[in-house]
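What follows draws every value from the coordinates through simple rules; no lab data is involved. Everything numeric here is computed off the predicted structure, so don't read it as measured data. Here the Cβ is made from the backbone with ideal geometry for all residues, glycine too, and neighbour counts use every protein chain on show.
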Protein chains: 2
Amino acid sequence: MYRIGELAQKLSVSTDTLRYYEKHKLLAATSRADNGYRLYNEGALRIMQFIIRAKAVGFSLKEISGLLSIKIDKASHSCAEVKSFTEQKLSQVNNKIAELACFKGSLELLVAACCGGEEEATHCSILSALENVDAIISK
Amino acid sequence: MYRIGELAQKLSVSTDTLRYYEKHKLLAATSRADNGYRLYNEGALRIMQFIIRAKAVGFSLKEISGLLSIKIDKASHSCAEVKSFTEQKLSQVNNKIAELACFKGSLELLVAACCGGEEEATHCSILSALENVDAIISK
DNA sequence: TTTGACATTGGAGTTAACTCCAAGCTTTAT
DNA sequence: ATAAAGCTTGGAGTTAACTCCAATGTCAAA
C-alpha cells in the first residue's frame, strides 16, 4: 500500500490532485490507516494511470468518470445501455485517432520538407501540410 | 468573406469564442469592413477547423498557437530549431495515438464481451480490458 | 523530546477558456 | 422611421481542474 505522497510521486502528480479526484468521485483511497492517512493499492495506481492517459487525449474528468463506470457483469440490468454507451465512446476515440493521424501526416511532411531532405520546401506551414494530407486521405 | 456570425455558425462556435481567439493571438480577422465589422476568408475558416481539431485531441490554446506558428520558409534563420520543435510535437502526437489505440482496443473488447456475442463476459470493466490490451501490445 | 517530514480538513485562490452583459453603432425589413 | 438583428468594445462572471494555505495531527530520527 502507498501513502498519498508516494503514489503522487510515482505518478508525477500532486497530493492535492489525488485529494481533488477523491472529492470528485474519480478515485477514492483504497483504505485508511489507523491514523487517518489514505492508503492506495496497485489497482488505484492503475486507475490513476488510466485517468492521466485519458486526460492527455482530451477527455474531461466527467467523461473519464463515465469511462471508469463502464462495467459488464451479470448483475447489470442494462447491458444494451452499456453497450451503446461504449460504442459511442468508441466512435469518439476513432474520431480522435483519425484527427491525430492527420496531424501526424502533416508534421511528417514538415519534417521531410525541412532542410535535411533533398525535396524543396514547398510546404510552408503546418496548415498547408495538413491540407495536403487531407487531400491524400480523402482520395 | 464571412462576417463573424456566419463563420461562428459554420463552425458551431460562438462569436465570443472567435473574438476571444483574436484577443489571444490565435486567429485575427482577415480584414475589417468599412463599418468596423470583422471579415473572415476561407483561410481563416480552415485555421479555425484546425484549432477545433487540435483542441479535441487535447492540445491547449497555447500549444495550438505553437503548432500554428510552425513554418518552413527560406527566410527562416532557424530551420534546425523548427525541425526539432516539429519532431517533438510529432512524438507527442505519436504518444497520443498509442494511448488512444489502447482505449480503442479495450472498448472493442468490451463491446465484444457484451451480451450480443457468444463469448462469456470475462472482462468486467474498461480497466481490466485495458490491462488485457496492454498485455497484448507489450508482447 | 523536539525537529522535520509527512498527513489531515476546510476553504480560498488561480488559470484557461470561455460566456455573458451593457452601451452603443449598422443594416435590413416593415 | 422605427424595430429587430447583427456588429463593436471593455469588462465582469463562470466552470473545470487544479493549487495553495492554515491549523492541526502523526511519526521517525537525532
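For the reader, a short list of remarks on this structure follows.
- Computed about its Cα centre, the charge dipole of chain B is approximately 1000 debye, with only Lys, Arg, Asp and Glu carrying charge at their Cβ.
- Once you reduce region B:1-35 and region A:10-89 to the center of their Cα atoms, the two points are 38 Å from each other.
- Averaged over A:45-56, number of beta-carbon atoms from partner chains that fall within 10 Å: 3
- In chain B, the beta carbon lying closest to the axis that superposes B onto A belongs to the residue given here with its whole-angstrom distance, B:58, 2.
- Inter-chain Cβ neighbour count for A:61-70, averaged per residue, equals 2 (cutoff 10 Å, partner chain atoms only).
- Taking the label point 7 Å along Cα→Cβ, residue A:87 and its counterparts in the other copies are spaced 4.5 nm apart, in ascending order.
- A simple charge model with +1 on the Cβ of Lys and Arg, -1 on the Cβ of Asp and Glu and nothing else charged puts the dipole of the protein assembly as shown at about 900 debye relative to its Cα centre.
- Axis of helix B:79-113 versus longest Cα principal axis of chain B: the two differ by about 40°, to the nearest ten degrees.
- Counting other Cβ atoms within 10 Å as a rough exposure proxy, the listed residues B:73, B:134 run B:73, B:134 from fewest neighbours to most.
- Folded to 0 to 90 degrees: helix B:42-56 orientation relative to chain B principal axis, Cα: 30 degrees
- Mean ellipticity per residue at 222 nm, deg cm²/dmol - from DSSP H runs of n ≥ 4 across chain B, formula -39500 (n - 2.57): -20500 deg cm²/dmol
- Residues A:25, A:96 in ascending order of nearby Cβ atoms (within 10 Å, fewest first): A:25, A:96.
- Long pairs among A:23/B:89; B:23/B:96; A:10/A:62; A:71/B:89, criterion Cα-Cα beyond 27 Å: A:23/B:89; B:23/B:96; A:71/B:89
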